[in-house]
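Throughout, read-outs are computed from the coordinates displayed, never taken from laboratory work. This structure is a prediction, so every number in the text was calculated from the model and none was measured. Don't worry about glycine lacking a Cβ; one is built from the backbone with ideal geometry, like all the others, and counts go over all protein chains shown.
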Amino acid sequence: MKRTDILIIGTGLAGAVAAITAADKGSKVTILTKTESALSGNTMHAQGGIIYKGIDDSPEKLKQDIMAAGNDHCRESAVDELCENGARLVQELLCDRFGVEFDKDSHENLDLTAEGAHSVPRIVHSKDKTGETIQEKLVKALNEHPNVELIADTTVVDLLTLSHHSTDLLDIYKKPACFGALMLDNKSGSVYSIYASKTILATGGLGQIFRHTTNPNESTGDGIALAWRAGARCFNLQYIQFHPTTFYNEHDRFLLSESMRGEGAVLIDKDGRRFMEDFHKQGSLAPRDIVARGIHQTMLNTGHPCVYLDISHKDSDWLKTRFPTIYSHCLNSGTDLTREPVPVVPASHYSCGGIGVSKRGRTSLQHLYAIGEVSCTGVHGANRLASTSLLEAVVWGFNAGKDAAATYQEGNHFPEIFPWEDGNEYIDPALIMQDWMTVKSTMWNYVGLVRTRQRLHRAATILRHLQTEVEQFYQKAKMTKEIVQLRNGVQTAVAVTSATLEARVSKGAHYLQD
Ligand code: SIN
């Protein structure tokens, strides 16, 4: 058994900012990732950029844009927190502390770009790989910090809670609290516990529960499942944001940043017609939920399997410099975006809901925090405004790191826990693969961009049955990362489907056709 002041699960932007903030204040921080390298997760895939501040911009203007995109379902105090502190923290932390350099124009001013539903250009970027540039700097800082221990290749099996793990049965009468986590060393297969005064979930997204997603393989919804089983409150899970434009081919989906539309790309149908103007006055730059559904409807109207994103009217050298990653990916898949429109379809992108948290990132469970995409601060409401996710990760990563460091000495109760009972059954990988396919196709077809109550009920039945099966073999299995991820993926799919069934109002990213 290990012991630490602050345990952080997830090494993306939110987790890394929290770790360094707490470590700077003297706390002993253990931060871990289930992947082999800390250069992983959704942050690495964020292309477009991070909100800073535009010319003639103000926190009030940003607030209006966020609230309008969020369909009047945002938590106003959380939006204020983001708008009032975001730009300052980008400057102080990302630029000054970690040395992130954002692109500049020919006059050495920050190159500000726009994205859908922003009233002014206010997004800073590093070409089309902003997340990767930021993450590289943060992982370097984590590795160099004397108070930070970074552990890779380690998967969290469950959070430790008084109600579930204490051998003292009277602990059930105490306030529900988390005191660390059970870990699986992916390489050795051994399971051990880490006791922590404060535990911070920063596990990122859940895109892999859908057949088509912009998220990497590791985004299996672990944090929602861990919190759900531990009894922490989650909300707004029905608001799954679908990114309107991912590269369409038979094999994969690849994000085509919204900043392409910010720089002048337009959506056209198979006959070259600009169809988004039929759906919203902002056309191709309307809020994401509207654009994604506009594309869906146009695909149905035309009977064509995709629509097209056209930026070929821009200078080709400029395009190659501004969007080098996207340009190469499209070219390798047979489309030269400097000359022709790119085939696109929507794909699951971001969970606007998650584990409910306060301004300091505290969850409903004592000593447990959640930050980044896994959390729900209320900023995004029913539909997230583009490029707010990295900003939210910085603000709440900072707030949670600061709060955890200021309070970890208040003490936590570390009870004796029941010993881990490892199973010995080998689980056939074919079962795991097939179960994942069931989760992904059920979520895509029944809990996707356009929903009906009949589809949702069908999804709930399929997923609950699958969950029982998976839970049974999980109990007997020799533990592996793959089994833990499947168990989490199914649990998260059940949680999203239940929230969607319970949602009373069709709004934003939750679109109920009937
Ligand atoms: C994009 O570049 O379009 C993704 C940015 C975001 O999701 O905020």
May I ask which of K175/K198; K137/K320; K63/K359; K63/K507 have a Cα-Cα span longer than 22 Å here?
K137/K320
Got a sec? Charge dipole of the chain, +1 on Cβ for Lys and Arg, -1 for Asp and Glu; which of M276, N445, A181 is way out at the positive end?
N445
Net charge near N215: determine it from the other residues with C-beta under 11 Å of the C-beta of N215, scoring Lys and Arg +1 and Asp and Glu -1.
-1
Answer with one residue from A14, H380, L162: the one whose Cα lies farthest towards the positive end of the charge dipole of the chain, charges on Cβ with Lys, Arg +1 and Asp, Glu -1.
L162
Take every Cα pair under 8 Å in the range 16-125 that's 6+ residues apart, average their separations, divide by the length, and report that relative contact order as a whole percent.
31 percent
Counting Lys and Arg as +1 and Asp and Glu as -1, each charge on the Cβ, what is the dipole of the chain about the Cα centre in debye, to the nearest 20?
960 debye
Percentage relative contact order, the range 1-77, counting C-alpha pairs under 8 Å, at least six apart:
27 percent
What does the C-alpha gyration tensor say about the overall shape of the range 324-447? Classify as rounded when a/c is under 1.5, otherwise prolate if a/b is larger than b/c, or oblate.
oblate
Treat every Asp and Glu Cβ in the range 1-130 as -1 and every Lys and Arg Cβ as +1, leave all other atoms uncharged, and give the resulting dipole magnitude about the Cα centre to the nearest 20 debye.
780 debye
Once both labels are modelled 7 Å past Cα along the beta-carbon direction, what's the D96-A406 spacing in nm?
1.9 nm
Using a Förster distance of 30 Å, how high is the FRET efficiency between M437 and R229, based on the Cβ-Cβ distance and rounded to 0.05?
0.80
With the crude spin-label approximation of a point 7 Å out along Cα→Cβ, what separation in nm comes out for D317 versus N301?
4.0 nm
Arranged from highest to lowest average of other beta-carbon atoms within 10 Å per residue, in what order do the peptides 94-100, 28-34 appear?
28-34, 94-100
Can you tell me the order of 41-51, 102-112, 462-472, 227-237 when each peptide is scored by its average per-residue count of other Cβ atoms within 10 angstrom, highest first?
41-51, 227-237, 462-472, 102-112
Rounded to the nearest 500 deg cm²/dmol, what is the calculated helix-only ellipticity per residue at 222 nm for the chain, with -39500 (n - 2.57) per DSSP H run of length n ≥ 4?
-11500 deg cm²/dmol
What FRET efficiency comes out for the pair N109/H457, r = Cβ-Cβ distance, R0 = 60 Å, nearest 0.05?
0.65
Normalised by the number of residues in the range 291-362, what is the relative contact order in percent for Cα pairs under 8 Å and 6+ residues apart?
35 percent
Positive-end extreme of charge dipole, the chain - chosen from L501, F254, L150 (charges on Cβ):
L501
When you count, for each residue, the other Cβ atoms within 10 Å and take the mean per peptide, how do 343-350, 20-27, 199-206 rank with the highest first?
199-206, 343-350, 20-27
Gain in span if fully extended, E421 to S190, counting 0.36 nm per residue against the direct Cα distance:
82.1 nm
DSSP bridge orientation in the chain - percent antiparallel, rounded to nearest 5:
60 percent
How much length would be gained if the chain were fully extended between I151 and L169, taking 0.36 nm per residue of separation minus their Cα-Cα distance, in nm to one decimal?
3.3 nm
